[in-house]
Structures are given as C-alpha cells and as structure tokens.
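Written out below as structure tokens is the structure these notes cover.
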C-alpha cells in the first residue's frame, strides 16, 4: 500500500494512432471510483488481439488513445467505495472480459462474454500495458496460490480461450480432438485436452511446433503442408475427430478443420483470420457437422482453467520482456516469430 500512496505517475504503453508504434508515456496513476479497484501490475501477457487493437483491424475500434493489454496480473492496492468482492493484497487478473451488465439474458445464462454492454480490457477499457490498472472486482480472475504472476498471465486469455473452445467441442474423455495451430493458444490447448482425458492430434505447418506438441503430450501430429492432411487425420482418428479446435488465424486451417471433423462432430473456431470463411455446405449438412464460434469464456471457465494450471496439469511457455520492448514484441508477433507467449515482466523491473 505504501508504494501506491507514494506513486503519483506511472509508465504506460499507449496507442495514439492506429498502425503506429506504441508510445511509452508517464501518466497519472488512475484512482478507483465507486465499485472499482486499483491493481499494481506485476506481469501482463501479450496477445495477438493486442496487435489487432493497436492496428485498428476490427470494425469496432477502441477510442484513442488507449492502453492495450488484457492479461494483466497484479496485487490489489486500493478499493473504491462499496467493494467487497476482493480485498487489498489479493492477487488478481484483469482479463479480456472487463465487465458486463450482469442482468441481460446472456449474463443470466453465464454467457457474459457476449453481453451487449460488455467492456473489454485493453480495448474499450485501459489495460495492462501499464504499471497500474483500474478494474471491476466482480470480473477479475482470482489467481490461485502457487501460480506466479508471470505463469498466470497467459492463462487468463490464451488459457481460458483454448479451454473453453475444447469444452464447446463437447468431446468426451477418450475421444479424439484436433488442435489446429500449436502457437500461443494451441500449445495450451494440447495440454488442456490431455488434462481433460481427450486424445489429441496436433496440426500445424511448422515441424518445430509439432515436435513441441509431442513433448506436451499430443498422441499424434500432422503437418498441414502434407499431401493430404485431412486424409491423414481421418486415418489416425478412425473417421475424423469428435472435436476440432482451430486456433490458427488461417483460412486454409478453417477449411481443413471442417474436413477433419467426424460425422456429428463439432468444429470450434477461435482464431480470427481476415476474409470470409467458405463453408463446404454439402459436407456440413450431409455429415451433420456443427460449426461453432467460441469467444473466451465465462467466470466459471476462468476458475477451471486456472485450477488445471495450479494443479500442475497445464503450463504456458513464456518469454519475459520489459514493457519498453513492446514494439519489438509486436513486430515479432506480426511476423509469426513468437513460439508461445510473451509476458511483460513488471516485477523484474
């Protein structure tokens, strides 16, 4: 608390113009209003969504200027009036789902990520590329003991996204799932799938990532650049995967994923490539395939995803960098040169 009371300004990496490098600024430390908390950032993961946000790629653009980052982990250092859900000194995460209305049909059905009034961290609300974050105590992630802030950071976005996507396939223990794309989300998807008792076939175009998937426990791997990766998956799984999770932001991966899906199976999309998805309608209808989008997860999904990690079943591959390196991290991310997840380490200075 003493460090908070002494701090008047903080460093933040902000987007001032879309498509331009982030600017490191010394800005006032925000103060939590009624029903809000202030979190002193220890670590913040870097996600491809942050790159989309900074580039202004999506139809609904963030208001300029803004601070990206939706994988912020830190210690609660101040409470606004009326806060009882958290206490000072707790370690929490400030995720993509920053807040929701709490009373619409979606919130009441535990589908708050699609609430029409939802706010998003590092997008519509300033996020974790800063030394302090104002957060909604009802929507923060509660970080289990034993998980360091650096380990936890990727789990509150990449972790929950891949875990929820696997749940949405409705595959049961012992059944086959394909994890297409073994990068920041997919390497966690392989681990979650194994922890959930599923058989895993990892698909990627990079032999190094496929070797990594094998080390993480994948039962089989397929290089999507092969002569007929769909046929290979069909052979391995005995007729196609019961569930396919597509994390790769690639239209060819989407097309192949539907082909790899078993009759009456589900193909779940979490990657968002540019362009339109040409759906093979005859195959979808004739084989009774479900194609489903999955958008992060709810608060229960978050607790479950973190619990797997706290039990040692899932561990993100991380690379630590300082906040000052964010523009180089973005350049590498855009070039596909980040094998797993980069975490900005505030605790390390």
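Taking region 167-184 only, how many residues are at pLDDT 95 or above and either within 23 Å of residue 303 (Cβ to Cβ) or surrounded by fewer than 24 Cβ atoms within 10 Å (Cβ to Cβ) (or both)?
Residues that pass the stated criteria total 11.
Would you confirm whether or not region 286-302 contains a residue that is in the same structural domain as residue 209 (by TED's automatic domain parsing) and free of Cβ contacts under 8 Å to residues at least 24 places away in the same chain?
Yes: one or more hits.
Surrounded by fewer than 16 Cβ atoms within 10 Å (Cβ to Cβ) and in a strand (DSSP E or B): is that true of residue 263 in this structure?
On the way: surrounded by fewer than 16 Cβ atoms within 10 Å (Cβ to Cβ): yes; in a strand (DSSP E or B): yes.
When the stated conditions are applied, residue 263 passes them.
Mind listing whichever residues of region 235-260 are under 23 Å from the mean Cα position of the chain (by Cα) and part of a helix (DSSP H, G or I)?
251, 252, 253, 254, 255, 256, 257, 258
For region 97-131, name all the residues that are in contact with a helix residue (DSSP H, G or I) (Cβ under 7 Å, 6 or more places away or on another chain) and either crowded, with 20+ Cβ neighbours inside 10 Å or at pLDDT below 95 (or both). Spell out how you get there, then give the answer.
Step one: list which residues in region 97-131 are in contact with a helix residue (DSSP H, G or I) (Cβ under 7 Å, 6 or more places away or on another chain), which gives 97, 100-101, 106, 110, 112, 114-115, 118, 122-123, 129.
Passing the criteria: 97, 100, 112, 118, 122, 123, 129.
Count, please, the residues in region 319-332 that happen to be in contact with a helix residue (DSSP H, G or I) (Cβ under 7 Å, 6 or more places away or on another chain) and surrounded by 20 or more Cβ atoms within 10 Å (Cβ to Cβ). Even if it seems obvious, please write down each step before you answer.
Filtering region 319-332 for residues in contact with a helix residue (DSSP H, G or I) (Cβ under 7 Å, 6 or more places away or on another chain) gives 320-321, 330.
Checking the rest, the ones that are also surrounded by 20 or more Cβ atoms within 10 Å (Cβ to Cβ) come to 330.
Residues that pass the stated criteria total 1.
In region 170-202, how many are under 17 Å from the mean Cα position of the chain (by Cα) and part of a helix (DSSP H, G or I)?
Within region 170-202, the subset under 17 Å from the mean Cα position of the chain (by Cα) is 179-193.
Cutting the leftovers down to part of a helix (DSSP H, G or I) gives us 186-193.
Count: 8.
Each row is one residue, and each column tells you yes or no for (1) outside any strand (DSSP E or B); (2) touching a residue at least 24 places away in the same chain (Cβ under 8 Å).
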position: 42; (1), (2): no, yes
position: 45; (1), (2): no, yes
position: 49; (1), (2): yes, yes
position: 54; (1), (2): yes, yes
position: 73; (1), (2): no, yes
position: 78; (1), (2): no, yes
position: 81; (1), (2): yes, yes
position: 85; (1), (2): yes, yes
position: 106; (1), (2): yes, no
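The values are calculated or read from the model by the stated rules, or taken from the named source; none is laboratory data. Please read these numbers as outputs of a predicted model, since none were measured by experiment. Ideal geometry is used to build each Cβ from the backbone, glycine not excepted, and the neighbour counts take in all protein chains shown.
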